[in-house]
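Just below is one structure, and these are the notes that go with it.
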Amino acid sequence: MSRYTLHVGDCREVLRDYPADHFDSIVSDPPYGLTFMGNGWDRGVPGAEFWQEALRVAKPGAHLLAFGGTRTFHRLTVAIEDAGWEVRDCMMWLYGSGFPKSHNGPWGGTALKPAWEPVIVARKPLSGTVADNVLRYGTGALNIDGCRVGGTEGRWPANVMHDGSDDVVAGFPLTTSGTGAIRKSALGMFGLGGDGKANTEYGDTGSAARFFYCAKASSADRDDGNTHPTVKPTDLMRYLCRLVTPPGGVVLDPFMGSGSTGKAALIEGLRFVGIDLDPAHVAIAEARCQEAALETPFSQLTLFQPSNP
């Protein structure tokens, strides 16, 4: 397949043209159901029927990462679970910027300042054991070593991420971590190698906010002409795509918006399929994906080779 394919339409209909067990991961920022800034596309949280079709086209063991709103992510989680996905965790993206969407008066206000967004972590049921699934499909495990904070000997990737702003960092105390031997799995990253030898983590001192962090999307990060109101930062989306997608794998975003997931996936050397109802947003995503694809030529991709096709 080509590096990326973009569709205009309802993802439930578009995905019917794709075979079962096709995509390696799903990374998406679906509507939060808050009617954000009066936008019609944000009037409801996608129900189970959306995630059932996504489940069909995902490979066994494929992970789904879906952003949600703090007021409505419970509905998103239930819809994903009711569709047949296994809910594995909930990540937290913290940020210091933003302002409350509040009605204020002498009696006070009506809303708190938003400072975090949840990311639902789910997985399609495995085919056999984790090891069997990884060896056959390349999916089922998280890319722990590839997402360590501070390099291959760094801290474990956590279910908290933040934007690095002073007020977020200030909320965490100073701490010292010790040194201990950590036994690597013989399968290594995504089952692609690994020597099973002990890996000793180093001790360090500093803020407990030493999780993955990146700045919120800047004007340059949004790219020229991107008028979408909820653009996610590229570095954050690169991290998430890398965490759940095997080398050269195909990332699906059924609620693509302006293509932040696609841009990130392509820079990571992955492939991408995106779907959105709005032709204007798809046009923006096309321009962003086209530029990102040039940063990693297709010849440099490393594709997963199953041990038992």
query = Which members of the range 265-280 meet the condition of being under 11 Å from Leu6 (Cα atoms) and buried (at least 21 other Cβ atoms within 10 Å of the Cβ)?
reply = Phe272, Val273, Gly274, Ile275, Asp276
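How many residues are over 17 Å from Val57 (Cα atoms) and over 11 Å from the mean Cα position of the chain (by Cα) if we restrict to the range 234-252?
2
I'm trying to understand the selection: among the residues of the range 128-143, which are assigned to a loop (DSSP other than H, G, I, E, B) and free of Cβ contacts under 8 Å to residues at least 40 places away in the same chain? Steps first, please.
Start the filter on the range 128-143 by keeping residues that are assigned to a loop (DSSP other than H, G, I, E, B), which leaves 128-129, 138-143.
Answer for the range 128-143, where residues must be assigned to a loop (DSSP other than H, G, I, E, B) and free of Cβ contacts under 8 Å to residues at least 40 places away in the same chain: Gly128, Thr129.
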task = Looking for whichever is within 19 Å of Phe23 (Cβ to Cβ), among the acidic types (Asp, Glu), surrounded by 15 or more Cβ atoms within 10 Å (Cβ to Cβ) and within 21 Å of the chain's Cα centre (by Cα) here; the options are Glu117, Glu53. Which one fits?
result = Glu53
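Here's the yes/no breakdown for (1) closer than 21 Å to Phe23 by Cα; (2) open to solvent by less than 40 Å² (accessible area, probe 1.4 Å):
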| residue | (1), (2) |
| --- | --- |
| His63 | yes, yes |
| Phe67 | yes, yes |
| His74 | no, no |
| Gly84 | yes, yes |
| Val87 | yes, no |
| Cys90 | no, no |
| Pro106 | no, no |
| Gly109 | no, no |
| Lys113 | no, no |
request  = Among the helices (runs of 4 or more DSSP H) lying completely within the range 196-309, list those that include at least 3 residues that are under 28 Å from Leu15 (Cβ atoms) and at pLDDT 65 or above.
outcome  = 234-244, 260-267, 279-293
message = Suppose the filter is within 23 Å of Gly128 (Cβ to Cβ) and among the aromatic types (Phe, Trp, Tyr); does Trp107 pass it?
response = no
message = Condition (residue is among the polar types (S, T, N, Q), at pLDDT 95 or above and farther than 13 Å from Pro254 by Cα) applied to the range 49-61: is it met by at least one residue?
response = no
request  = Quick one: count up the residues across the range 19-44 that are out of contact with any Pro (no Cβ under 8 Å at 6 or more places or on another chain), open to solvent by 40 Å² or more (accessible area, probe 1.4 Å) and modelled with pLDDT of 95 or more.
outcome  = 3
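The values are calculated or read from the model by the stated rules, or taken from the named source; none is laboratory data. Model, not experiment: these values are computed from the prediction. Positions of Cβ are generated from backbone atoms using ideal geometry, with glycine treated the same way; all protein chains shown enter the neighbour counts. We work out accessible area using only protein heavy atoms, side chains counted, and drop any ligands, DNA or RNA first. Shrake-Rupley method; radii C 1.70, N 1.55, O 1.52, S 1.80 Å.
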